[in-house]
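Enquirer: Structure incoming, see below.
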Amino acid sequence: MKHGVWLMAGVLALAGCAANAPPQPASALQLPSGWRAQGEGDAASAHGTQVEQLWWQAFGDPVLSDLVGEALARNGDLRVARARVQEYRARLAQADANRAPNLAFDGSPTRTRTPAYNGVPYVTNVFQAELQASYEIDVWGRLASLSDAAGESYRAEQASLDAAALSIAASVATAYLNLRGLDAQLALTQSTLQLREQSRELARKQFEVGYSSRLEWLQAQSEYHAAAEQVPQLQRQIFEQENALAILVGGNPGPIARGLPLAELVAPGVPAGLPSELLRRRPDIARAEHNLAAANASLAATRDQLLPSFKLTAVGGGQATTLTDFLHAPTALWRLTALAAGPLFDGGRVQAQTDTAGAQRDQLAYTYENVVRNVFAETENSLGAIYRLKQQAVENDARRATAADTLRIAHNRYRNGYASYLEELDAQRTLYSADVGLLQLKTRILVASVDLYRVMGGGWSAGEQ
C-alpha cells in the first residue's frame, strides 16, 4: 500500500512538470436575435426547415443541374481539394499508427575470419534472427492529443472540400443565369432592331414624299445603327461567358447547352424567419471550428513534451553457428527493456513552443469569430438584396407599362402627323431602357438567390414539424 501511495505521488509530481499552457480567450461573439431583412413567406413556414444539399435543382432547369453535376465531378480546383483530403487522411492514419505497437524483424547470417590467441586465424559462422516489439505507453495522453489534432485537421480539410464544392456550384449557377440573361438581352435587341428598321423605312418614305425633314430620317438611321451596334457587343459577351462556364465545368472553352429561357426561370421563395441554425452547415464555419479544435489538441501535445515517456521493448530470436542448427535447434535469445526518458533541462524550449502553440490557437479562435460575423453579414446582405431587387422590379414593371403606352400614343401621333418623329424616338428609347432593365433585374434576382444559397451553406426545405 505504501508503495502505491509513493507511486501515485510520483506520477502527480511528474504531471506537474508539464509546460504551462495559456487559457483560451473568452469569446466576444454575440449572435443576432433575428434578420434585419425578411423573406416573403410567414415565420411559421420556416420552422423545421432543413438544409437541402442539391439546392440548384430548385430552379427547375435540367441543363443547369447537369452543368453543376459536371463541375462537381470534373472541376480542377475540386480535384486539388480532394487530393488534399487524401493527404490529411494519410496524416491521420500516421498519427494513429504512432499509438500502436511496432513490430520488426531482422536476420543476419555472418561469416568472420579472425585470429585466435596464438595468432592462427580461424573462420566462424553465426546465423541469427530477431523479432523486435516496442510500444510507448501513452500515460499523459500526448499521442492521443496528436491523433486528435490530426483528426480535426482532416475534418477541416473535408470542410474545405465542401466549401470549394459549394463555391463551384454557386459560380456555375451564377454564370449560367448570367448567360441566360445575356441571351434574353440579345433576343430583345434583335427584336428592337427589327422595329428600328421599320421606323427607319417609314421615316425614309415620309422624307421622300416631303412629309418630314431629312433630320428625322437621319435620326431614324442613327437609332437603327445604335441598336445594331448592341448585337455584336452582346454576342461577344455571350461568347466569353460560354467559355468561362465551360472552364468551370472542367472542359475546354466551347458552346454551352441552353435550358429554360430567362422568362421561365423563377427564383425560389425565401420563407420569413429563416432559422440562423442553418448557418452551422456552412463549410467555412465547420472548417474554422475544426481548425480551432486541432490547435487545442496540438497545444496539449506540445505542453506535454516535458513529461517523461515510457516505452517497453521486447526482443526474441535464435542463434546458431551452423545453418542446420539454426533451422532445427537454435539457441534461444531474448531481451525485455523498460525505458523511461524525459528532458532535464531544455533552456525553456518546450515552454516557448507551448506559448507559440497557444498564440496560434488564439489566432484561430479570433478567426472563428470573424468567420461567423462575416457569415451573418453576408446572409443579411443577400436577404436584403433579394427584398430590394424585388421592390425595384415592381417599380420597373410600372415604368415599362407607362413607357409602352407612351410609345403607342407617340407612334399614332407621328403616323397621323400630329407630332414629330422625335416624340416616337424618345418613347422608343424609354421603352427599350425599361425592357433591358427588366431583364437585368430578373437576372440579378436569380443570381441573388444563388448567392443566398451560398451564404446559407445550401438550400432549405420544410422538415417534419
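The values are calculated or read from the model by the stated rules, or taken from the named source; none is laboratory data. Because the structure is predicted, anything quoted here is derived from the model rather than measured. Ideal geometry is used to build each Cβ from the backbone, glycine not excepted, and the neighbour counts take in all protein chains shown. Surface accessibility is based on the protein's heavy atoms, side chains included, excluding ligands, DNA and RNA. Shrake-Rupley method; radii C 1.70, N 1.55, O 1.52, S 1.80 Å.
Enquirer: Taking the Cβ of residue 403 as the center, what net charge do the other residues with Cβ under 14 Å away carry, scoring Lys and Arg +1 and Asp and Glu -1?
Expert: -3
Enquirer: Please give, to one decimal in nm, the separation of the simple spin-label points placed at residue 311 and residue 367, each 7 Å out from Cα toward the Cβ.
Expert: Distance between the two pseudo-spin positions: 3.3 nm.
Enquirer: Pulled fully out, how much extra length does the chain show between residue 108 and residue 353, if you take 0.36 nm times their separation in residues and subtract their Cα-Cα distance?
Expert: Full extension of this stretch gives 84.0 nm more.
Enquirer: At 0.36 nm per residue, and after removing the present C-alpha to C-alpha distance, how many nm does the segment from residue 231 to residue 214 gain when stretched out fully?
Expert: Extra length available between residue 231 and residue 214 comes to 3.5 nm.
Enquirer: Further question: For residue 391 and residue 418, what is the calculated FRET efficiency with R₀ set at 45 Å and r taken between the beta-carbons, to the nearest 0.05?
Expert: 0.75
Enquirer: So, R0 is 45 Å and r is the distance between the beta-carbons of residue 374 and residue 336; what FRET efficiency does that work out to, to 0.05?
Expert: Working from the Cβ atoms, E equals 0.20.
Enquirer: Report the FRET efficiency, 1/(1 + (r/R0)^6), for residue 120 and residue 99, where r is their Cβ-Cβ distance and R0 is 51 Å, rounded to 0.05.
Expert: 0.40
Enquirer: Now a separate question. Taking a point 7 angstrom from the Cα of residue 321 along the C-beta vector, which residues in the range 118-139 have backbone N less than 11 Å away?
Expert: Flagged as within label range: 123-126.
Enquirer: May I pose another question? Leaving out ligands and nucleic acids, note down the accessible area per residue over the range 166-267 with a 1.4 angstrom probe, in whole Å².
Expert: Here the residues of the range 166-267 average 49 Å² of exposed surface.
Enquirer: To continue, here is another question. Report the label-to-label distance for residue 194 and residue 132 in nanometres (one decimal), using points 7 Å from each Cα along the Cα→Cβ vector.
Expert: Label-label distance for residue 194 and residue 132, simple model: 8.7 nm.
Enquirer: Please label the shape of the range 110-257 as rounded, prolate or oblate, based on the square roots a ≥ b ≥ c of the eigenvalues of the alpha-carbon gyration tensor (a/c under 1.5 means rounded; beyond that, a/b larger than b/c means prolate, else oblate).
Expert: prolate
Enquirer: From Cα coordinates alone, what are the radius of gyration and Dmax values for the range 56-190 in angstrom?
Expert: Cα radius of gyration and Dmax of the range 56-190 are 31.2, 113 Å respectively.
Enquirer: So, in Å, what gap is there between the alpha-carbon centers of the range 126-162 and the range 50-92?
Expert: Cα centroid to Cα centroid, the span is 31 Å.
Enquirer: Using heavy-atom solvent-accessible surface (probe 1.4 Å) with all chains present, what is the largest-first order of 453, 366, 154, 432?
Expert: Solvent-accessible surface, decreasing: 366, 432, 154, 453.
Enquirer: Just reorder 442, 205, 311 by solvent-accessible area, largest first, 1.4 Å probe, all chains present.
Expert: Sorted by accessible area, descending: 205, 311, 442.
Enquirer: Still on this structure: For 435, 106, 148, give me the order by solvent-accessible area with a 1.4 Å probe, most accessible first, ignoring ligands, DNA and RNA.
Expert: Order by accessible area, largest first: 148, 106, 435.
Enquirer: Now for a separate question. Taking the Cα centroid of the range 185-235 and of the range 413-439, what is the distance between the two, rounded to the nearest whole Å?
Expert: Rounded to whole Å, the Cα centres lie 12 Å apart.
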